[in-house]
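Heads up: the structure comes next, in structure tokens.
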Amino acid sequence: MLENNDTLYVSDLDGTLLRSDETLSQYTIDVINKLTNKGIYFSYATARSYITSKKVTAGLDARIPLIVYNGTFVIDNQTEEILIANYFKPDILAVLDELFDNNIYPVVYSFVDGKECFSFIPEKINNGTRAFLDTRKGDKRWREAENEPDLIKGNLFYITCIDSKEKLEPLYKKYKDKYHVVFQEDIYTKEQWLEIMPKEASKSNAILQLKEYLGLKRVVSFGDALNDIDMFKISDEAYAVENSFDELKREASGVIGSNNEDGVARWLSSNLS
């Protein structure tokens, strides 16, 4: 075991730990698994769901709870139990009505009859949303809604809008202080995304909750995008990969190798081995 092991190491996935082809290198898997076996506390914080994050990190032995949906949930990686959850309050329905009025039909994540789902209206979605859904075919959470009331059934916790910047930006500005809102270009498709979560849901809040849950003293984080800024602000040390946004680099303790150069794993190997 490592001495003075009081630190939580947290990495973003897409653009940070994952390569540009959405895979982990064998080097990264080997380094992190070796360090995990020695006792380091390594987790990841991602906008992905638990299901898709587990799929792209196959082979990685992350034993402690994982932060998914941009901090909406913290999930036990051994039992798959939801340890921390954040859901929308009823006022989110007014936001959805405004989206519909602007001909924006999102993918809505919720629990319907106790089952986790992502719902959409097939006849209403645009090409960008359809392309995203094409990558999720066969996912057990897939749910086709018949109409708007059917789309918003259940206990809602996450909303993804994919549309033009011109249509989405006014909504970002209107709701960014009321909810946790991420407005950025997808790193793979270059489509404009607007993601809306409960105000309490954020990577930073989830990390602080996980740190307390594990009884640790420090946080070291790694990221690449604007939705990692809040995570960096609460970290004792924060490292931006070379391919990061300049805004994130300005918040970082340092800049490390890119995601395609195993930047996170090489930093861990150099500093913890």
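Element breakdown for the chain at a 1.4 angstrom probe: carbon and sulfur atoms account for 45% of the accessible area. Most tightly packed first, judged by the mean number of other beta-carbon atoms within 10 Å of their residues, the peptides 171-179, 236-244 read 236-244, 171-179. Across all C-alpha atoms in segment 77-162, the radius of gyration and Dmax reach 13.2, 43 Å. When all alpha carbon pairs of the chain are counted in 10 Å bins from zero, the resulting P(r) reads 7, 30, 36, 20, 6, 1 %. When the chain is modelled as a GNM with alpha-carbon springs shorter than 10 Å, which of 128, 114, 59 fluctuates the most? Fluctuation is largest for 114. Subtracting the Cα-Cα distance of residue 141 and residue 111 from their residue separation scaled by 0.36 nm leaves 9.8 nm. Rg over Rh for segment 130-273 works out to 1.01, both radii taken from alpha-carbon positions and Rh defined as the Kirkwood radius.
Between residue 33 and residue 101, what's the calculated FRET efficiency when r is the beta-carbon distance and R0 is 45 Å? Round to 0.05. That gives a FRET efficiency of 0.35.
Applying the criteria of a DSSP loop state and at most 16 other Cβ atoms within 10 Å to the GluC sites (Glu not before Pro) of segment 1-106 yields 3, 22, 80, 81. For the chain, relative contact order (Cα pairs under 8 Å, six or more residues apart, normalised by length) works out to 22 percent. Think of a 1.4 Å ball rolled over the protein heavy atoms: segment 60-168 then has 46 Å² of accessible area per residue. Based on the reciprocal of the average 1/r between different C-alpha atoms, the Kirkwood radius for segment 228-273 equals 10.7 Å. Mean-square fluctuations from a GNM of the chain, with a 10 angstrom spring cutoff on Cα atoms, peak among 260, 103, 86 at 103.
With 20 Å as the limit, write out which pairs from 54/199; 89/178; 203/233; 124/153; 167/190; 124/167 have Cα-Cα distances beyond it, or answer none. As for pairs spanning more than 20 Å Cα to Cα, those are 54/199.
The values are calculated or read from the model by the stated rules, or taken from the named source; none is laboratory data. Fair warning: this is a prediction, and the values are worked out from it, not measured in the lab. Methodologically, a virtual Cβ is constructed for each residue, glycine included, from the backbone with ideal geometry; neighbour enumeration extends over all protein chains shown. These area figures cover heavy atoms from the full protein model, side chains too; ligands, DNA and RNA do not enter into them. Shrake-Rupley method; radii C 1.70, N 1.55, O 1.52, S 1.80 Å.
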